[in-house]
Structures are given as C-alpha cells and as structure tokens.
1. Given the residues 17, 53, which is the only one that is farther than 26 Å from residue 94 by Cα, within 25 Å of the chain's Cα centre (by Cα) and either modelled with pLDDT under 95 or part of a loop (DSSP other than H, G, I, E, B) (or both)?
2. Pick from segment 153-189 the residues that are surrounded by fewer than 24 Cβ atoms within 10 Å (Cβ to Cβ) and within 11 Å of the chain's Cα centre (by Cα): which of them is nearest to residue 64 (Cα to Cα)?
3. Considering every residue within segment 376-388, establish whether at least one is surrounded by fewer than 16 Cβ atoms within 10 Å (Cβ to Cβ) and either under 20 Å from residue 88 (Cα atoms) or assigned by TED's automatic domain parsing to the domain that holds residue 124 (or both).
4. What number of residues in segment 286-311 are surrounded by 19 or more Cβ atoms within 10 Å (Cβ to Cβ) and part of a loop (DSSP other than H, G, I, E, B)?
5. Filter segment 190-224 for residues that are within 28 Å of residue 147 (Cβ to Cβ) and out of contact with any strand residue (DSSP E or B) (no Cβ under 6 Å at 6 or more places or on another chain); which is surrounded by the most Cβ atoms within 10 Å (Cβ to Cβ)?
6. Out of all the residues in segment 313-344, which are farther than 23 Å from residue 135 by Cα and surrounded by fewer than 17 Cβ atoms within 10 Å (Cβ to Cβ)?
7. Residue by residue through segment 241-280, note down the ones that are assigned to a loop (DSSP other than H, G, I, E, B) and either modelled with pLDDT under 95 or under 18 Å from the mean Cα position of the chain (by Cα) (or both).
C-alpha cells in the first residue's frame, strides 16, 4: 500500500476524560464547594488505598509537592542531593529553591533512568539524599538505590511524576517505606489527570500536619473545615508557607480517574508493545526497553532514540519532518544541565558533575523523542505514526544519497 499522509494533526497526547468526570464536576459546582473540601479528602483516601500507603496528600502540582518535601526534610543551604539530569528541570529546581545543590550522575543507557552504579562516587559529606526519577513510567532499580542509601545514611524521595500505577517487585511505586516520600503528578499529559495537581505519599505520621500546613499558608491542619458547620472561623499560622491546596473541582476528576487508571495503563501497555513490534525492523531508531516483571512499567511514554548517522537527520529535523506529516511528538527531555541557568551553574561548580561528564544523558538527550501514546489512541492512528516514520526515513535517505 502506498503511503498516505495523515489529514489531521495527531497530538502527542490527549487526556482521557469521560462523562463520569464531567457529571462529578457539575455536581461539585452545584454543591457550592469548589475549592478544597470533602471531595479532595475523599480523593486522598483513594490515593492511599491505591498506592498502599498510610498517608497521601494532594496539592496544586507535583513541583510544589517536591518543594514541600525539601522543606519537610529541612534541606539546608549547601546540602547536596543526588539525582539525574535526564528529567524535567523541576526535579533540580525544587532542590535549588530550598538552597540545596543537585549533584548529577549519569543514566543507564538502556533504561534511561539514574544508574545506581554511578551513585557512590557522587556521595560527599554534604550529601543528604537521592531523588531517583522513574522516567517514562519505567521504575528505577530501587533495590540497588535503597541499599546505597541505607549504607550511607541517606534519604530517598522518589520522583514518580510519570509513574502512577507502576510497581517495583510487585509493590506500587511509593508503597515501600524505604523511600521517605514519593511525589506523583496529575498533569493532563500523565496517565491519570485532575487537570493540574500532584501528591506526596509517605509513611511517617509526624509529617502529616506539617505538610498540610506547608500547602496552605502555614495554618492548622483542618483549615478547609473552618467554613463548615462544625468548624471554627479562627485560624492560627504556625509558619510561613505557600498556598498550594488542591480543589474539589480537581478531585471531581480524580475520583473517577483513579478507578480507570489500571485500565488506562493496560491499554498503554498494549500500544507500547505494538509499537515495538511495528518498528522492530527499523535500524535507524533505538526502541525503548519495556521493563521486566521486577520493574512494572506503567507505559507513560514511548521514547525513541534516533541514529542521526544512519538517518542523515538530527532529532530536531526528524521531529520537524514528522510534524509535516501531521504527527505530533514530545521531547522528554533535554538534560537539565544544558538549560542556560544550569549550564552556567555547573560550569561554575564542576565538582557537582562527574569528572567524565554525563555522556549517556547527553547522547540520549540529543536523540530522543516521544511518540503519540494515550489510551484513546487507535491502532489506525498508530499505523499512521509508524508509516510516517518510515516515510521520513525513506525521504531522508534519498536526500543523503542525493
């Protein structure tokens, strides 16, 4: 069959919002309680049950949630936190904003996650913790990371912004107490959404009241009840804090999204493996590793890494060519240390990078792109994505020969 260009643009992702969510939002509006209230509390109970954790508190974004984890752990100026550069910059920025220093280690070139074998060389007397990022929804090798952390007396916070519903050795991400806290995201491009939003899962009972204060002006833990019949209109501020509360309007979506999550993830897995099968003969691209039984992928992203030397195109040109074929893509991510502020920071502070640099992070960051992947993607859509990839490769090779 001859190639036919797709007529309508296919975006990289779309949120899956159904009639149940819409009806719940309308009910919330009619209830007169649209900000933080009873539906937010119910959503948090569902999060706890789903992830198997005693505490899980929602707020306005995963970035804010990560900032709050740094405050709860009392990160001090100059304290060091080991993490990866192949992540969205908020992983680093939340450390910097608290006065800490993100110390970067390279990735495993197969998984694209932080390489545990690189961690110990980065530990100094100022190291306080490790933030592994479960990139693309594929869990890191947490067993190895926990072992290193325990050996050196470090805390672990899991950046699970892309990993809601994934598991490590049968335990949901965030559900193992060897990680002091875990952060989730409910942004529209994630596996489940509340429009915007994030949450912190944790085991330490003492953190509950502090996190509640830090997400809402530093006032008492049941502040949202002050306008209810049983509440008191008086509040007390215990410490300066941000306003980062989660709204019932958001929870209205989350109450139904969380029940659909396993089905969403299963469908993503089908599409992920179908991509692998459809492109297994394309030597110009490197396909992602699908994980194994120990690392339960939730298939948030399908990330290709191209081989420019075989294509005659760099990644940006490849992305632009796919866009001309009406295929949308994402870039997840440019390594954080190549962004201007961090480039300058590490140039002035090279001791916070490995002596050999971050070759795997940079190699991947220059070559990766994310293909369309969401539960509503059809097999016909997917066939068009792969056909467009083959067309772009064929055209590029003609150009190279010409």
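1. Matching residue, one of 17, 53: 17.
2. Only one residue fits best here, namely 187.
3. No, that holds for no residue.
4. The number of residues fulfilling the criteria is 8.
5. 207
6. 317, 320, 323, 324, 326, 344
7. 241, 242, listed by residue number.
The values are calculated or read from the model by the stated rules, or taken from the named source; none is laboratory data. Predicted, not measured: the structure shown is a model, and the values here were computed from it. We place every Cβ from the backbone using ideal geometry, glycine too, and count neighbours over all the protein chains shown.
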